[in-house]
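None of the figures in this text is laboratory data; all of them are computed from the coordinates on show. Note that the structure is a prediction, hence the values are computed from the model and not measured. Here the Cβ is made from the backbone with ideal geometry for all residues, glycine too, and neighbour counts use every protein chain on show.
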Amino acid sequence: MKSLLGEVLDAVELDQRGIIGDRLYAISNEQGKFGSGKSTRRFRRIDRLFNMSARLMGDTLSIIFPCGETLDGRDTNIDQKLSIELGQTVSLTKENKIPHFDDGAIHVVTSADMEALKAQLPLSQIDVSRFRANIVIDTDSLSNELLGKSLRIGDSEVKIIKQTERCRMVCLEQGELIYDPKILDIIAKKHELKFGVYASVVRSGWINVNDDVTVI
């Protein structure tokens, strides 16, 4: 679900849209803007989204609230519960014609990206969950070195199309990770606000943890 805490999966299936079920749902405000960590033409900053997480099992969405309560997305009280939690009138919205993606279907970072950022911010909590990547590749290559190339992973293939522009969400508190504005500061100063890359799906299929990755 868009802009809530993510989850680690052992396997995912890709179709032409992206990872099946990824960001299929979002939280919308009264103006129909999708909740996010930033305000743009399509999105509106809504605080405390990271206080919640979501799980999608088949067609069933479950939202886990800070108190530990889990509510089915089909529950008639879901919009009211979300509105109380976020301090404004919102509704749970399933994707229709307008995609919930920011700027790309698949988001990729590499272990080299993470190690480079850790070296620049040795006192910060640099954790991959801050960057909400769909795919993390264990490689010595920085993700921007993969621009224009394709990756064969499992029986699927994706093409790296552009770098990912970051926003304040990389700094936010989530779980045991503290609020840390230095992370966005260094990405802005040293990396022109770019960290990670977006990819499009060339061939649908399954991706499993520990699958080999072939760069073509």
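Quick look at the numbers
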| read-out | value |
| --- | --- |
| Computed E for Asn96/Arg55 - FRET, C-beta separation, R0 30 angstrom, nearest 0.05 | 0.85 |
| Rg(Cα) / (2.2 N^0.38 Å) computed for segment 1-68, rounded to two decimals | 1.18 |
| Theoretical gain in end-to-end length, Arg42 to Asp72 [0.36 nm per residue, Cα-Cα removed] | 8.2 nm |
| Segment 48-103: GluC sites (Glu not before Pro) in DSSP coil with no more than 12 other Cβ atoms inside 10 Å | Glu69 |
| Segment Thr139-Asp155, length gained on full extension (0.36 nm per residue, minus Cα span) | 3.8 nm |
| Anchor Lys97: lysines whose Cα lies under 25 Å away (excluding residues fewer than 8 positions away in-chain) | Lys2, Lys33, Lys38, Lys159, Lys162 |
| Pairwise Cα inverse-distance average, inverted: Kirkwood Rh of the chain (Å) | 18.1 Å |
| GNM flexibility winner over the chain from Leu123, Leu14, Leu82 (Cα, springs under 10 Å) | Leu123 |
| Protection proxy ranking, peptides 203-210, 184-191, average beta carbon neighbours within 10 Å, highest first | 184-191, 203-210 |
| Rounded FRET efficiency, nearest 0.05, which uses the C-beta distance separating Asp15 from Ile186 and R0 of 35 Å | 0.45 |
| Low-density loop positions, GluC sites (Glu not before Pro), segment 158-202 - DSSP coil, at most 14 other Cβ in 10 Å | Glu173, Glu176, Glu192 |
| In segment 1-80, the chymotrypsin sites (Phe, Trp or Tyr not before Pro) that fall in loop regions by DSSP, at most 14 other Cβ within 10 Å | none |
| Charge context of Ser150, other residues only, Cβ under 13 angstrom, K/R +1, D/E -1 | +3 |
| Residue-averaged [θ]222 nm for the chain, counting only DSSP H segments that reach four residues, each worth -39500 (n - 2.57) | -4000 deg cm²/dmol |
| Estimated inter-spin distance, Val8 and Arg168, nm [label 7 Å along Cα→Cβ] | 2.9 nm |
| Fraction of beta bridges assigned by DSSP in segment 31-78 that are antiparallel (%, nearest 5) | 75 percent |
| Set of aspartates and glutamates near Lys194 by C-alpha distance (under 12 Å), chain-local residues within fewer than 8 positions excluded | Asp113, Glu165, Asp185 |
